[in-house]
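*Asks:* Below is a structure I'd like to ask you about.
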């Protein structure tokens with residue numbers, strides 16, 4: 001899996017949009033960008049994934065740059081429950097492809 | 001979405017004893033499951049890939065005789081930490097691959113193991 005770079009921590013006020021960046025400059029053509037989050041002492045939770053087009057679901061939006069070397073996860077209205085470590089991972093689009101977790105971004109949502 | 005259930009959620013055991021952790025896929029069949037370990041303030045590290053009906057594949061540096069993996073059915077994989085030591089204290093997490101068009105992985109709730 002290609003490596004990703006994320007800021008170690010970010011703060012966000014409750015109700016505001018949280019924009020979490022990720023650099024993946026060595027991503028290959030068949031690799032997707034996946035986002036997971038891990039709330040303290042729980043297993044990771046899938047958020048969203050995409051190849052090159054922007055994606056949106058009930059949890060978040062994913063914006064991928066045209067050159068695919070970076071992406072941004074957007075939580076449109078962050079709540080206190082969104083406080084977690086967010087992991088950006090690039091991998092082939094196969095359920096059997098393993099996930100290589102980096103250090104992620106610790107997002108702290110404050111009142 | 002698919003559900004992966006992991007049991008127990010936390011366990012305390014004495015040094016030298018063995019602990020078994022179960023990982024079940026509740027509403028789907030999983031021929032493959034992944035086991036991860038996470039030490040405090042660190043990221044998840046893949047330990048091994050569990051394959052139904054065959055031997056598990058271990059990552060470099062993971063002792064297969066210490067971390068016994070059994071994938072006896074399409075819905076159950078177990079990880080047994082044998083002769084546990086305090087340094088084995090960690091958060092163990094299992095995961096099952098997505099099925100068909102669902103390529104995201106589904107994770108269990110994790111097991112907090114404390115060896116005293």
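Please treat every number below as a calculation from the coordinates, not as lab data. If you're wondering where the values come from, they're calculated on a predicted model, not measured in any experiment. Glycine gets a Cβ as well: all are built from the backbone with ideal geometry, and neighbour counts include every protein chain shown.
*Asks:* Sorted from fewest to most neighbouring beta carbons within 10 Å, what does the list A:12, B:23, A:88 look like?
*Replies:* A:12, A:88, B:23
*Asks:* Taking the DSSP beta bridges in chain B as the whole, what percent of them are antiparallel, to the nearest 5?
*Replies:* 90
*Asks:* Decide, for the range B:68-111, between rounded, prolate and oblate: order the square roots of the alpha carbon gyration tensor eigenvalues as a ≥ b ≥ c, take rounded if a/c falls under 1.5, and otherwise choose prolate if a/b is larger than b/c, else oblate.
*Replies:* Note, shape of the range B:68-111 comes out oblate.
*Asks:* I would also like to ask the following. Share of antiparallel DSSP beta bridges in chain A, in percent to the nearest 5?
*Replies:* That works out to approximately 85 percent antiparallel.
*Asks:* Where a ≥ b ≥ c are the square roots of the eigenvalues of the C-alpha gyration tensor, would you call the range B:39-104 rounded, which needs a/c under 1.5, or, failing that, prolate if a/b is larger than b/c, or oblate?
*Replies:* Oblate, since a/c reaches 1.5 and b/c is not below a/b.
*Asks:* For A:32-43, what's the mean count of beta carbons from other chains sitting within 10 Å of each residue's beta carbon?
*Replies:* Per residue, the number of nearby Cβ atoms from other chains is 4 on average.
*Asks:* For the range A:2-19 and the range B:13-53, compute the distance between their C-alpha centroids and round to whole Å.
*Replies:* 28
*Asks:* Express in % the proportion of alpha carbon pairs of chain B at distances exceeding 21 Å.
*Replies:* 31
*Asks:* Separation of the range A:22-73 and the range B:77-116 by C-alpha centroid, Å?
*Replies:* The range A:22-73 and the range B:77-116 have Cα centres spaced 23 Å from each other.
*Asks:* Starting from the coordinates of the alpha-carbon atoms of the protein assembly as shown, obtain the Kirkwood hydrodynamic radius over all distinct pairs and give the value in Å to one decimal.
*Replies:* After inverting the mean inverse Cα-Cα distance, the result is 18.2 Å.
*Asks:* Pick from B:95, B:83, B:43: which residue has the top mean-square fluctuation in a GNM of chain B where Cα pairs under 10 Å get a spring?
*Replies:* The residue that fluctuates most here is B:43.
*Asks:* Could you work out which residue, out of A:50, A:29, A:15, moves most in a Gaussian network model of chain A, that is, has the largest mean-square fluctuation with Cα springs under 10 Å?
*Replies:* Of A:50, A:29, A:15, the most mobile in the Gaussian network model is A:29.
*Asks:* Considering every residue in B:36-44, what mean count of other chain Cβ atoms within 10 Å of its Cβ is obtained?
*Replies:* The shielding value for this peptide is 4.
*Asks:* Another question, if that's okay. Specify whether the C-alpha gyration tensor of the range A:4-93 places it in the rounded, prolate or oblate class, a ≥ b ≥ c being the square roots of the eigenvalues: rounded for a/c under 1.5, otherwise prolate if a/b is larger than b/c and oblate if not.
*Replies:* Prolate, because a/c is 1.5 or more and a/b exceeds b/c.
*Asks:* While we're on this one: Give me A:101, B:106, B:28 ranked fewest to most by other Cβ atoms within 10 Å of their Cβ, as a rough exposure proxy.
*Replies:* With the fewest neighbours first, A:101, B:106, B:28 line up as B:28, A:101, B:106.
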